[in-house]
1. For segment 107-128, name all the residues that are open to solvent by 40 Å² or more (accessible area, probe 1.4 Å) and either in a strand (DSSP E or B) or polar (S, T, N, Q) (or both).
2. Just give me the residues in segment 73-104 being crowded, with 21+ Cβ neighbours inside 10 Å, more than 24 Å from ASP54 (Cβ to Cβ) and either at pLDDT below 95 or of a type outside the set (Lys, Arg) (or both), in sequence order.
3. Given (1) in contact (Cβ under 8 Å) with a residue 40 or more places away in the chain; (2) within 20 Å of LEU131 (Cα to Cα); (3) of a type in the set (Asp, Glu), where does GLU112 come up short, assuming only one miss?
4. Within the set of pairs 6+ apart or on separate chains, which have a first residue in segment 27-39 that is free of Cβ contacts under 8 Å to residues at least 40 places away in the same chain, a second that is among the basic types (Lys, Arg) and open to solvent by 50 Å² or more (accessible area, probe 1.4 Å), and C-beta atoms under 7 Å apart?
5. Scan segment 42-49 and give yes if some residue there is closer than 18 Å to LEU3 by Cβ and either surrounded by 20 or more Cβ atoms within 10 Å (Cβ to Cβ) or among the aliphatic types (A, V, I, L, M) (or both), otherwise no.
6. For segment 16-36, give me each residue that is touching an Asp or Glu at 6+ places or on another chain (Cβ under 7 Å) and open to solvent by 10 Å² or more (accessible area, probe 1.4 Å).
7. Among the residues that make up segment 10-19, is at least one of them touching a helix residue (DSSP H, G or I) at 6+ places or on another chain (Cβ under 7 Å) and in contact (Cβ under 8 Å) with a residue 24 or more places away in the chain?
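The values are calculated or read from the model by the stated rules, or taken from the named source; none is laboratory data. All values reported here derive from a predicted model rather than from experimental measurement. Quick reminder, even Gly has a Cβ in these numbers, built from the backbone with ideal geometry, and neighbours come from all protein chains shown. The area values use the complete protein model at the heavy-atom level, side chains included, leaving out ligands, DNA and RNA. Shrake-Rupley method; radii C 1.70, N 1.55, O 1.52, S 1.80 Å.
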Amino acid sequence: MVLVLVGTQKQDFSRLFKEIEESNELKNEKIVAQSGYTKYESEKIQCIPFILHDEIIEKTRQADFIICHGGVGTIFDSLYQKKKILAMPRLKKYGEHVNDHQIEVCNKLQEEGYILCVNDGDSLDEKIKLLRKTSFKEYINNNKFIDILKEEI
């Protein structure tokens, strides 16, 4: 099962759902999504607007990997569960967020070896192929990394 998490921002994030729906790499996967305020209907993706945090953690444990927005809470909850993460930052130019801070977060975590990032113009399928064969650094909660990340942001 692939778990998709888009947080609780009020802005629409249909761009991610459309790419997942069109993905050849995900055509045989069961896909469960916490869709938040994004109103997206799909026969392929089971969309659940809001899920309690404990349930998200349980679904994260069950997932083969996570596809998510660039929200710090979402990413770190998944890292704590030792999951492979493919993050697509929400972008201001598409009205998905009020600024582009998620790009910085995702790129820094990718640079450090924790996640893969799907930047604007990247192929989701190519990133999924890479995700499946990549070994990532295990995240260990330490304040030094949080300080570095805060400084970057």
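1. The answer is ASN107, GLN110, ASN119, SER123.
2. Those that are crowded, with 21+ Cβ neighbours inside 10 Å, more than 24 Å from ASP54 (Cβ to Cβ) and either at pLDDT below 95 or of a type outside the set (Lys, Arg) (or both): MET88, PRO89, GLU96, HIS97, GLN102.
3. With respect to (1) in contact (Cβ under 8 Å) with a residue 40 or more places away in the chain; (2) within 20 Å of LEU131 (Cα to Cα); (3) of a type in the set (Asp, Glu), GLU112 is out only on (1).
4. ILE31/LYS44; VAL32/LYS59; TYR37/LYS10
5. Yes: segment 42-49 contains one or more residues that are closer than 18 Å to LEU3 by Cβ and either surrounded by 20 or more Cβ atoms within 10 Å (Cβ to Cβ) or among the aliphatic types (A, V, I, L, M) (or both).
6. Passing the criteria: ASN24, GLU25.
7. Yes; the residues of segment 10-19 include at least one that is touching a helix residue (DSSP H, G or I) at 6+ places or on another chain (Cβ under 7 Å) and in contact (Cβ under 8 Å) with a residue 24 or more places away in the chain.
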